[in-house]
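A short write-up of the structure that comes next.
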Amino acid sequence: MWAGASAGRSPSAWPPRFKDRKDWGSTPYVVAVTVDAARGRFDESHGRFLHAGRDGLAGLVDRAEAIRAADARTLRLRPYKDDDPME
(Lines give C-alpha, C1' and ligand atoms only; values in the text may rest on other atoms or scores of the structure.)
Protein backbone atom coordinates (compact mmCIF):
# COMPACT_ATOMS: atom_id res chain seq x y z
CA MET A 1 0.00 0.00 0.00
CA TRP A 2 1.26 3.48 -0.81
CA ALA A 3 0.60 5.71 2.17
CA GLY A 4 1.93 8.76 0.40
CA ALA A 5 3.86 10.63 3.04
CA SER A 6 7.49 11.12 3.84
CA ALA A 7 8.09 11.14 7.56
CA GLY A 8 9.60 14.40 8.74
CA ARG A 9 9.29 16.16 5.39
CA SER A 10 6.90 19.02 4.87
CA PRO A 11 5.32 19.58 1.44
CA SER A 12 7.64 22.57 0.92
CA ALA A 13 10.61 20.15 0.97
CA TRP A 14 9.17 17.98 -1.83
CA PRO A 15 10.18 18.39 -5.47
CA PRO A 16 8.29 21.23 -7.22
CA ARG A 17 6.07 18.91 -9.25
CA PHE A 18 4.59 17.58 -6.00
CA LYS A 19 4.24 20.80 -3.98
CA ASP A 20 0.60 21.45 -4.90
CA ARG A 21 -0.58 17.87 -4.39
CA LYS A 22 -3.32 17.62 -1.79
CA ASP A 23 -3.91 13.86 -1.88
CA TRP A 24 -0.91 12.74 0.14
CA GLY A 25 -2.70 12.78 3.47
CA SER A 26 -1.67 14.26 6.77
CA THR A 27 0.71 12.45 9.08
CA PRO A 28 -2.12 11.48 11.49
CA TYR A 29 -4.13 10.10 8.56
CA VAL A 30 -1.17 8.06 7.29
CA VAL A 31 -0.58 6.70 10.79
CA ALA A 32 -4.26 5.74 11.10
CA VAL A 33 -4.20 3.98 7.71
CA THR A 34 -1.01 2.14 8.68
CA VAL A 35 -2.59 0.99 11.94
CA ASP A 36 -5.70 -0.14 10.04
CA ALA A 37 -3.50 -2.10 7.64
CA ALA A 38 -1.64 -3.72 10.54
CA ARG A 39 -4.97 -4.71 12.06
CA GLY A 40 -5.99 -6.43 8.83
CA ARG A 41 -8.55 -3.98 7.46
CA PHE A 42 -7.13 -4.27 3.94
CA ASP A 43 -6.26 -7.98 3.98
CA GLU A 44 -8.76 -8.74 1.22
CA SER A 45 -6.67 -6.49 -1.03
CA HIS A 46 -3.32 -8.13 -0.27
CA GLY A 47 -0.96 -8.00 -3.22
CA ARG A 48 -2.81 -5.01 -4.70
CA PHE A 49 -1.72 -1.40 -5.10
CA LEU A 50 -3.64 0.92 -2.79
CA HIS A 51 -3.09 4.67 -2.57
CA ALA A 52 -4.21 5.91 0.83
CA GLY A 53 -4.51 9.51 -0.32
CA ARG A 54 -6.54 8.96 -3.47
CA ASP A 55 -8.54 5.80 -3.11
CA GLY A 56 -10.99 6.43 -0.33
CA LEU A 57 -9.98 3.35 1.59
CA ALA A 58 -13.43 2.61 2.99
CA GLY A 59 -14.63 2.28 -0.61
CA LEU A 60 -11.71 0.03 -1.45
CA VAL A 61 -12.68 -2.30 1.37
CA ASP A 62 -16.17 -2.47 -0.15
CA ARG A 63 -14.79 -3.04 -3.68
CA ALA A 64 -12.05 -5.53 -2.73
CA GLU A 65 -13.87 -8.55 -4.19
CA ALA A 66 -14.50 -6.80 -7.54
CA ILE A 67 -10.88 -5.62 -7.69
CA ARG A 68 -9.65 -9.19 -7.08
CA ALA A 69 -12.10 -10.65 -9.63
CA ALA A 70 -10.76 -8.23 -12.26
CA ASP A 71 -7.18 -9.07 -11.25
CA ALA A 72 -6.74 -5.31 -10.99
CA ARG A 73 -4.13 -3.23 -9.24
CA THR A 74 -1.41 -5.82 -9.37
CA LEU A 75 2.19 -5.07 -10.16
CA ARG A 76 3.87 -7.46 -12.55
CA LEU A 77 7.47 -8.61 -12.76
CA ARG A 78 8.35 -9.17 -16.41
CA PRO A 79 11.53 -10.91 -17.52
CA TYR A 80 14.01 -8.80 -19.42
CA LYS A 81 15.26 -11.68 -21.57
CA ASP A 82 14.56 -15.38 -22.16
CA ASP A 83 17.02 -16.65 -19.55
CA ASP A 84 16.08 -14.11 -16.87
CA PRO A 85 16.55 -15.87 -13.49
CA MET A 86 13.46 -14.08 -12.15
CA GLU A 87 11.21 -15.76 -14.71
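Observations on the structure shown:
- Scanning the range 35-87 for residues that are of a type in the set (Phe, Trp, Tyr) and either surrounded by 10 or more Cβ atoms within 10 Å (Cβ to Cβ) or within 11 Å of the chain's Cα centre (by Cα) (or both) yields a count of 2.
- Scope the range 22-80; condition of a type in the set (Gly, Ala, Ser), assigned to a loop (DSSP other than H, G, I, E, B) and at pLDDT below 90; matching residues: Gly25, Ser26, Gly47, Ala52, Gly53, Gly56
The values are calculated or read from the model by the stated rules, or taken from the named source; none is laboratory data. Here the structure is a predicted model, which means the values were calculated and not measured. A quick note on method: Cβ atoms are made from the backbone with ideal geometry, for glycine too, and the neighbour counts reach across all protein chains shown.
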